[in-house]
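> My questions all concern the structure below.
Readers should treat all values here as calculations from the given coordinates under stated rules, not as data from a laboratory. A quick note: this is a predicted structure, and the numbers were derived from the prediction, not measured. Neighbour counts run over all protein chains shown; Cβ positions are idealised from the backbone, glycine included.
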Amino acid sequence: MRENVLSLIAAAMVDNILPKQPASIADEESDGSRHCFVAKLFGKRARNREAQEERILNAAMTCFIRSGFRGASMNEICSEAGMSPGALYRYFPSKEAIIEKISAAHRQQSAEILDRMLSSSNIIDAVTQVGIDHVRKMSLNTTGPGPRDSSARLFVEVRAESMRNEGVAAICELHEGLMREKLLAAFTAAKERGEIDPVTDMELLVATLAAMGEGIIMRNFPAQGVPVEALEPVFHALAEAMLRPTNK
């Protein structure tokens, strides 16, 4: 018995001392195949989830525009999307969650527009272009479902709901906070460079411009036959009057 135990101990010591033999090429290839399969599986699931979310978001936008945010029910959205309530609730538990997802996409688009402003050498031209780009984005829908002005119509519905729904109000504030922060940074930098002499306090200026921009989007001028480009001299004149460039 003692000899058997000593033999086992010796064998274990030899295993620990001698270098391990590398896995065979076949084993490595097998591991690589498994990793590749897992990556493809998760990639496919992510793509499927994105497709399902987009399907729900498109249906929700259609319902919100047709029935209003408050009037549209989750059952109506399910019917529009051709999904059961159980399937839809796996992705979005409420209308507020749907609005948050739509708003997140809008925040990303707004951030890209505002970031381009920071790289401009002329703050007046930059602000003018930001206004034009935002009106075009909100009023000329060329990729999503519904009418060309579906984003502008949805904007009106969401802003109205934010007056009585704290959850939606918080979502709107997140979006507006991003815009105010980036505008304030651009204006502050321009003022420090001596390029502008604003007519009022910088934060009030930014809030006023944001409110005017919201009003223009709500009026939905392109739907009334006014070309977006026709607003350019208006935005330029407003920017000059409020920022007062020093021409330095």
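> Regarding the stretch 155-219, what is the average projected area of its C-alpha convex hull, in nm²? Spell out each step's value before the answer.
Details: hull surface 19.3 nm².
Taking a quarter of the hull surface, the average projection is 4.8 nm².
> Can you tell me how much longer the chain between Gln108 and Glu50 gets when fully stretched, taken as 0.36 nm per residue apart minus their C-alpha distance, in nm with one decimal?
Details: separation 58, 0.36 × 58 = 20.88 nm, distance 1.66 nm.
Length difference between fully extended and current span is 19.2 nm.
> If you take the alpha carbon radius of gyration of the stretch 80-120 and divide it by 2.2 N^0.38 Å, what ratio comes out, to two decimals? Could the numbers behind the result be given before it?
Working: Rg = 15.6 Å, N = 41, 2.2 N^0.38 = 9.0 Å.
Taking N as the residue count of the stretch 80-120, the ratio is 1.72.
> In addition: What is the gain in length, in nm to one decimal, between Arg159 and Ser67 on full extension, counting 0.36 nm per residue of separation less the C-alpha to C-alpha distance?
On the way: separation 92, 0.36 × 92 = 33.12 nm, distance 1.51 nm.
In short, 31.6 nm is gained.
> Between Thr200 and Thr246, what is the spin-label point distance in nm, taking each point 7 Å from the Cα along the Cα→C-beta axis?
Distance between the two pseudo-spin positions: 2.2 nm.
> Further question: Between Arg180 and Ala210, what length comes free when the chain is fully extended (0.36 nm per residue of separation minus the Cα-Cα distance, one decimal in nm)? Could the numbers behind the result be given before it?
Working: separation 30, 0.36 × 30 = 10.80 nm, distance 0.75 nm.
Once the chain is fully extended between Arg180 and Ala210, it gains 10.0 nm.
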